[in-house]
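Only one structure is covered here, and it is reproduced in the block below.
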Amino acid sequence: KFEVINVLLGESLEDYLETLLILEGTGKIRCVDVANRMSVSKPSVNKAMNVLKEKGYVLQESYGDIHLTDAGRELAKSVYHRHQTISNFLQDVLGVSAENADEDACHIEHVISDETFEKMENYRR
């Protein structure tokens, strides 16, 4: 079970961490891969990576491959777990389409209270 981690990073930076975690499974993480997956510009990725680097969540040499730190990976896993749990709840309990559930979960995961999330996570019909 994942522990809910409350860190005030904001929706955008949490989305970057989530994307990095997903891309980590494919091998090297490059700025261009992040930009393509998130439909953002490479300068936007570089700016976000600098912030995440300052906070200790990523390692990156100047314009080199990106690597999650242990702390970054744990936070990314927490955000991704919230996303998956909410998306599954929306689909399985409410009957929302997979596409809409995924899109809605992407927004809800950043603002939902710990109490509500825990209720969703432990919901049994």
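Among residues of segment 1-30 that are more than 17 Å from residue 56 (Cβ to Cβ), those with a beta-carbon under 8 Å from a residue that is polar (S, T, N, Q) and modelled with pLDDT of 90 or more at least six positions away or on a different chain give the pairs 2/78; 3/78; 4/78.
Looking at 53, 119, can you tell me which residue is out of contact with any helix residue (DSSP H, G or I) (no Cβ under 8 Å at 6 or more places or on another chain), within 16 Å of residue 21 (Cα to Cα) and surrounded by fewer than 17 Cβ atoms within 10 Å (Cβ to Cβ)?
53
From the list 66, 108, 112, exactly one residue is closer than 21 Å to residue 10 by Cα, open to solvent by 50 Å² or more (accessible area, probe 1.4 Å) and not acidic (Asp, Glu). Which is it? Testing whether each residue is closer than 21 Å to residue 10 by Cα, open to solvent by 50 Å² or more (accessible area, probe 1.4 Å) and not acidic (Asp, Glu) leaves just 108.
Which ones in segment 1-26 are open to solvent by less than 50 Å² (accessible area, probe 1.4 Å), at pLDDT 85 or above and not polar (S, T, N, Q)?
Correct list: 13, 14, 15, 16, 17, 18, 20, 21, 23.
As a summary of the residue check, residue 125 satisfies the conditions (1) modelled with pLDDT of 95 or more; (2) surrounded by fewer than 16 Cβ atoms within 10 Å (Cβ to Cβ) except for the one numbered (1).
Quickly run through segment 27-38 and pick out the residues that are open to solvent by 100 Å² or more (accessible area, probe 1.4 Å) and either in contact with a helix residue (DSSP H, G or I) (Cβ under 9 Å, 6 or more places away or on another chain) or at pLDDT below 95 (or both).
Matches in segment 27-38: 28, 30, 37.
Listed by first and then second residue, the pairs with beta-carbon distance under 9 Å, at least 6 apart or on different chains, first residue in segment 76-104 and touching a residue at least 24 places away in the same chain (Cβ under 8 Å), second in a helix (DSSP H, G or I) and of a type in the set (Val, Ile, Thr), are 76/19; 76/22; 80/22; 82/108; 83/108; 86/108. Candidates 71, 76: the one that is exposed (fewer than 15 other Cβ atoms within 10 Å of the Cβ) and in a helix (DSSP H, G or I) is 71.
All of 76, 98, 71 fail the test of being of a type in the set (A, V, I, L, M) and touching a Leu at 6+ places or on another chain (Cβ under 6 Å), apart from 76.
The values are calculated or read from the model by the stated rules, or taken from the named source; none is laboratory data. Nothing here was measured: the structure is a model prediction, and the numbers come from that model. FYI the Cβ positions are ideal-geometry reconstructions off the backbone, even for glycines, and counts take in every protein chain you see. Each accessible area value is taken on the protein alone, full model and side chains, heavy atoms only, with ligands, DNA and RNA left out. Shrake-Rupley method; radii C 1.70, N 1.55, O 1.52, S 1.80 Å.
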